[in-house]
Amino acid sequence: MTNTASVVRESAPTTLTSRELTPRFEIYRAPHKAHRYILGHLLIEMGRVSFADEREAGMTLAAMEVVLAQCDRHIAHEDEVLRPALVARCPKALATLDEEHEQHATQVAELRAMAKALNEATSDDHRAAIGRTLYLHFTVFVAETLAHMAYEERLLQPLLDRNFTLEEQLGFNASIVASIAPPEMMEFLRAAIPASSRQERFEILNGGRAAMPPPAFAAVVTELMPLLPGPDAEDLALRLGL
């Protein structure tokens, strides 16, 4: 990928202005925290698995496909909603974004090809060898995805703030949320809620509350609560008035 790590370092402010200290809407925050959560957890688990074991390898590959599909959907949302807006007002910002999204697609294709080879391996030794290669490639994928997300939050979010109103950004977010099917939304929430701060959890769930019948909202919260440590679950229940 493009060396986004150096770009992010160079963009780091030495001081914070009053505007930067003011709370604002951050369109990347919740999805990126969710992706850091699932990528980090899978990377740790992939380091523990015995790829020679056919069952363990199969479970790991299934988990990786879920993560890759979530990453693909996130980029598709960005390209469908944010990219046209950026084309209209700040097209010069697209070179790095487009290049990295293309490279992401290439990396995902490579990971899926290795997963296919691992599935088709006929011996323990062969599975172990492919599994180690897959693990190393996934490590690079995680590192570069983390750098890419930091690039978007450090450079593209301020660009959005300078060129679009808060109402426009909320509209972008609403369009993305409306395009997500309920099963995919639950998949997202299962990562985003434990990955977020207490205030952010409340904002995420309370934001969707009005669009859901009370029994449906209660069912969602009931499913998510066990993912949180006891004090965090109690805090969320209190904030939601449950």
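Secondary-structure-derived ellipticity at 222 nm for the chain, considering helices only, amounts to -25000 deg cm²/dmol, per-run term -39500 (n - 2.57) for DSSP H runs with n ≥ 4.
Would you mind classifying the stretch 118-242 by shape? Square roots of the alpha carbon gyration tensor eigenvalues, ordered a ≥ b ≥ c; an a/c under 1.5 is rounded, otherwise it is prolate if a/b is larger than b/c and oblate if not. Judged from the Cα gyration tensor, the stretch 118-242 comes out oblate (a/c at least 1.5, b/c at or above a/b).
On a per residue basis, the stretch 120-170 carries 50 Å² of accessible surface, using protein heavy atoms and a 1.4 Å probe.
Taking the accessible area of the chain, probe 1.4 Å, and keeping the other protein chains in place, the carbon and sulfur fraction comes to 59%.
With a Förster radius of 35 Å applied to the C-beta separation of L242 and S123, the computed FRET efficiency comes to 0.10.
Across R209, R190, R83, mean-square fluctuation computed from a Gaussian network of the chain (C-alpha pairs under 10 Å connected) peaks at R209.
Seen through its C-alpha gyration tensor, with square-root eigenvalues sorted a ≥ b ≥ c, the chain comes out oblate because a/c lies at 1.5 or above while a/b is not bigger than b/c. With contacts taken as Cα pairs under 8 Å and at least 6 residues apart, the chain reaches a relative contact order of 33 percent.
Placing unit charges on the Cβ atoms only, positive for Lys and Arg and negative for Asp and Glu, gives the chain a dipole magnitude near 540 debye about its Cα centre.
The values are calculated or read from the model by the stated rules, or taken from the named source; none is laboratory data. Please read all numbers here as calculations on a predicted model, not as lab measurements. Reconstructed Cβ throughout: ideal geometry from the backbone, glycine too, with neighbour counts over all protein chains shown. Quick note on the areas: whole protein, heavy atoms, side chains included, nothing else; ligands and nucleic acids left out. Shrake-Rupley method; radii C 1.70, N 1.55, O 1.52, S 1.80 Å.
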